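Below: the structure, in structure tokens.
The values are calculated or read from the model by the stated rules, or taken from the named source; none is laboratory data. Treat the numbers as computed from the prediction; the structure is a model and nothing was measured. Please note: Cβ atoms are built from the backbone with ideal geometry, for glycine as well, and neighbour counts cover all protein chains shown.
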Amino acid sequence: MRTCLFAVTIALLGSTPALACTGTVAICDKASSGAMTLIAGGQPARVVVEPMADAGVRDAAEDLAGDLNALAGRSGRAQDRAVLIGVLGQSPAIDALVAEGKLDVSTLKGRWEGYVQQVVEAPMPGVARALVIVGADKRGAIFGTYDLSRRAGVSPWAWWADVPVPVRPNLYVTAGRRIDAPQVRYRGIFLNDEEPALGEWARSSFGGINARFYQRVFELTLRLKGNYLWPAMWGKSLWQDDPASAALAQRMGIVLGTSHHEPMQRAHVEWARGKGGAWDYTTNDEKLRGFWRDGIVRNAGRDAVVTVGMRGDGDEPMTSGTATKLLERIVADQRGIIAEVTGRPAAQTPQVWALYKEVQDYYDSGMRVPDDVTLLFADDNWGNIRRLPKVGETRPGGYGVYYHFDYVGGPRNYKWLNTNQISRTWEQMALADAHGVERMWIVNVGDLKPMELPTSFFLDMAWNPKAMTMEAMADYHRRWAAEQFGAGQAAAIASILDRTTRYLARQKPELWSPDSWSLTDGTADRVLGEWAALDRDVAAVRPKVAATDAFYQLVAHPVEAAGNLARLYVTVARNRAAAAAGDPAANGLADEAQRLFANDRAIRARYEGLNGGKWRHMMAQTHIGYTSWQQPDTDVMPAVRRVAPGTPRTPVAVQPPAKATEIDAVAFSATRSAGAVRWVTVPGLGIAGRAVMPWPQTAAAQVPGKGPALDYSVTLPAGTATVEVLAAPSLDVTGSGRRYAIAIDDAAPQVIDLWKGTGEKEWAAAVSNAVRATRSRHPVAKAGRHRVRLWMIDPGVVIERLRILP
């Protein structure tokens, strides 16, 4: 048998991640009975792939060979052991092993992107034992190959975050067979809002958003077990800017699509470049059909999911109303083009209709598309899914979710740092999974960096949502930290990651200002204390981590940058308060504020100077000086005031606000279930780091006052008590409401709906503050201890905190 061997060496450094040396086909650093030797004495097994194998499979095999050399600490190969890679039915060597009964593929056939990894005895002449990786299809073989690299210790972020590959001179694969396949068919990312940071970096590093750039993006996506991409589109076209990019996607196994407002495999900018006239189907339908037809022709023979439908020019509504009949005609015409160009029924070409923003209004008004089209539901751009199918409501095209880690729009852009709690993503995407959403998961990752952590989580969960249990989610920070930095400091780093994203999720830093935190009730001091504690923890861990560049990017930088910005705004607030009182201390505070503003630029320079300037421009996103939802052109120093010598003091009377009694939702004194329906505590979720929510997520609505309940013991004065419940700003995904009931002592329960009677103003306040606050008033007959009882009515109401207002 002719074989092709690929071997490439990459960086060798770093702490060693712990190996999960349990089960079949596990990676271990010690030999066991029947194990296959992957690396011994620094000599890796050879990687074998046949010459007729698909080019994408050969590419992945080449990457694996390089990864094994890096793990071994040197180049070279052992002839008596091998990793054999191929696709079932396309590899003579693998098909022969199946025919001989040495390789079990009985449960693999027909499984989308599935793969088997099996240790096989005497698979070929001269090889005593091999690990065989066989895919049910091309991407199955690719995912099985990259899975081996990742489990052996090579982070998917090795290139993208400078995570060094640990040297492991001895590695073994335990005997047996392992099979895996994704539950969600299309799992992808959307590079969006990519200017100035990603765009400037790519132009500096690769000469543009071109095939060289996309090769890195495609490889990362595959290493993370993703298969789908909406390419960067701010004034860009993957197909026109560098046609090699589309060919490379097909070679590597990436399914290309286009965003929610770019139908028929055409980038939006291509319409303007072609001077097609008005983007209006009522007046320019012939030119638009020709434009769309060219997109389908250009895509011939390539994997794609075709976006259908139409939005207005420039990511805007198409009309001022809900033109259902017009959009139905557009979709029908687009499907006619697809059928005509491909020569087969439109249903045989994967299509998606994105119910984004105003397009959901069409769906809610009764518009439907053929059942073979995937319905892509969307969040509200702030991580709250707007609509989901009813449980058990199936369709051949299935359902998807378009989610956001980054956004440009109201009430404020958020693009600078990762502000996404994985616990929040888990709660929303577990809800989507419970409602049967398994055809497509795609997330807007903005510039990609610095969204490494949530991107990993999203794609890991998309592979097998049900395996990402609440317990697995709670341990994810630690496991991810171990993958990047080794097991030794993983718990400490996990704590830093958890707190950093929690503090940033409470309010996006783009929303911060000198008025964000009160100087009189201790809030400002508490916030600065939180960031100072993180600074100390980072300083304690940093010397113990060998991967210094990766540690700065993934752990230290967000703490340093966000903490500095918080100090800047609090210092400006103190300056203004001192100046208002004629206090000359205002001048020193003004100087300190200017130093902190300059330090923001210095922090950016430290990041961009890592690894010889590899990340130049990557932190170019402006974030100081917002005056509207749109980002400022440059960072703007907040205005400070100075006090001239001899200025008389002007005492300013400050009345500290009356303190509310705050109770974290998890601090209940008693809980009551209703059959299998109960309240559960979700670790890591929300402003307090833990929250409670009804479980299961698809439970039926409960009768007010009869469902699962939470009791809180509080001391109240006689009179009227106002109870404010802070809940996650989750939306009503089924149209049945987001209600809870509440009472004090034995009073009749009051029913509260999180969103009834609300509009844009209330939604904007909720997402800006990461909580939806609702209030109820209750008579209290006498002072003393009382019971506040909160009942579940609808699932999906995530309770984070209660406040008894004065």
### Summary
Filter segment 638-665 for residues that are among the basic types (Lys, Arg) and out of contact with any Gly (no Cβ under 9 Å at 6 or more places or on another chain); the one that is farthest from THR523 (Cα to Cα) is ARG642
### Message
Show the residue pairs meeting these rules: Cβ distance below 8 Å; 6+ apart or different chains; first residue within segment 669-695 and in contact (Cβ under 8 Å) with a residue 12 or more places away in the chain and assigned to a loop (DSSP other than H, G, I, E, B); second residue surrounded by 15 or more Cβ atoms within 10 Å (Cβ to Cβ) and hydroxyl-bearing (Ser, Thr, Tyr).
### Response
SER669/TYR712; GLY684/SER423; LEU685/SER423; GLY686/SER423
### Task
Pairs only if they're at least six apart or on different chains, beta carbon under 7 angstrom, first in segment 207-223 and in contact (Cβ under 8 Å) with a residue 60 or more places away in the chain, second among the small types (Gly, Ala, Ser); list them, first residue then second.
LEU222/GLY253
#### Entry: Neighbours by Cβ (under 7 Å, 6+ apart or cross-chain): first from segment 149-175, assigned by TED's automatic domain parsing to the domain that holds ILE39 and within 16 Å of SER32 (Cβ to Cβ); second part of a helix (DSSP H, G or I) and among the small types (Gly, Ala, Ser)
LEU171/ALA152
### Task
Considering only residues that are surrounded by fewer than 23 Cβ atoms within 10 Å (Cβ to Cβ), among the polar types (S, T, N, Q) and out of contact with any Gly (no Cβ under 7 Å at 6 or more places or on another chain), look in segment 70-119 and name the one that is nearest to ARG58 (Cα to Cα).
GLN90
### Task
Find the residue count for segment 41-68, including only residues that are out of contact with any strand residue (DSSP E or B) (no Cβ under 7 Å at 6 or more places or on another chain) and either part of a loop (DSSP other than H, G, I, E, B) or aliphatic (A, V, I, L, M) (or both).
5
### Exclusive hit being within 19 Å of the chain's Cα centre (by Cα) and more than 29 Å from THR698 (Cα to Cα), set VAL408, VAL331, VAL341
VAL408
### Query
Checking ASP591 against (1) more than 21 Å from ALA653 (Cβ to Cβ); (2) of a type in the set (D, E, K, R); (3) buried (at least 17 other Cβ atoms within 10 Å of the Cβ), which test does it fail?
(3)
### Message
Regarding segment 647-655, can at least one residue be identified that is among the aliphatic types (A, V, I, L, M), surrounded by 14 or more Cβ atoms within 10 Å (Cβ to Cβ), without any contact (Cβ under 8 Å) to a residue 40 or more places away in the chain and not in a strand (DSSP E or B)?
### Response
no
### Message
Within segment 177-188, does at least one residue satisfy the condition of being surrounded by 20 or more Cβ atoms within 10 Å (Cβ to Cβ), of a type in the set (Phe, Trp, Tyr) and part of a strand (DSSP E or B)?
### Response
yes
### Query
Is it fair to say PHE190 is more than 30 Å from ALA31 (Cβ to Cβ) and free of Cβ contacts under 8 Å to residues at least 24 places away in the same chain?
no
### Query
Which one is surrounded by the fewest Cβ atoms within 10 Å (Cβ to Cβ) among residues in segment 493-534 that are closer than 16 Å to ALA474 by Cβ and small (Gly, Ala, Ser)?
SER495
### Message
Condition first: assigned to a loop (DSSP other than H, G, I, E, B) and at pLDDT 90 or above. Now tell me which residues in segment 69-93 satisfy that.
### Response
GLY73, LEU88, GLY89, GLN90, SER91
### Query
Within segment 771-788, how many residues turn out to be in contact with a Phe, Trp or Tyr (Cβ under 8 Å, 6 or more places away or on another chain) and of a type outside the set (A, V, I, L, M, F, W, C)?
2
## Note on the structure
Checked segment 99-140 for anything small (Gly, Ala, Ser) and under 26 Å from PRO169 (Cα atoms); matches are ALA122, GLY126, ALA128, ALA130
### Query
Can HIS477 be described as in contact (Cβ under 8 Å) with a residue 24 or more places away in the chain, closer than 23 Å to LEU220 by Cα and touching a Leu at 6+ places or on another chain (Cβ under 6 Å)?
yes
### Task
Would you check which residues across segment 238-261 are farther than 19 Å from TRP112 by Cα and either touching a residue at least 60 places away in the same chain (Cβ under 8 Å) or of a type in the set (Gly, Ala, Ser) (or both) and list them?
ALA244, SER245, ALA246, ALA247, SER259, HIS260, HIS261
### Output for segment 105-148, where each listed residue is part of a loop (DSSP other than H, G, I, E, B) and at positive phi
GLY110, GLU113, GLY126
### Query
Among all residue pairs at least 6 apart or on different chains, which show Cβ distances below 7 Å where the first residue, located in segment 283-310, is outside the structural domain of GLN334 (by TED's automatic domain parsing) and the second is among the charged types (D, E, K, R) and surrounded by 17 or more Cβ atoms within 10 Å (Cβ to Cβ)?
none
### Task
Would you check if there is a residue in segment 609-623 being surrounded by 20 or more Cβ atoms within 10 Å (Cβ to Cβ) and in a helix (DSSP H, G or I)?
no
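Residues checked against (1) in contact with a helix residue (DSSP H, G or I) (Cβ under 6 Å, 6 or more places away or on another chain); (2) surrounded by 18 or more Cβ atoms within 10 Å (Cβ to Cβ); (3) within 24 Å of TRP695 (Cα to Cα):
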site	(1), (2), (3)
LEU716	no, yes, no
ALA721	no, yes, no
PRO729	yes, yes, yes
ILE742	no, yes, yes
ASP745	no, no, no
PRO749	no, yes, yes
ILE752	no, yes, yes
### Message
Being under 32 Å from the mean Cα position of the chain (by Cα), of a type in the set (Asp, Glu) and modelled with pLDDT under 95 narrows it down to one residue among ASP313, ASP303; which is it?
### Response
ASP313
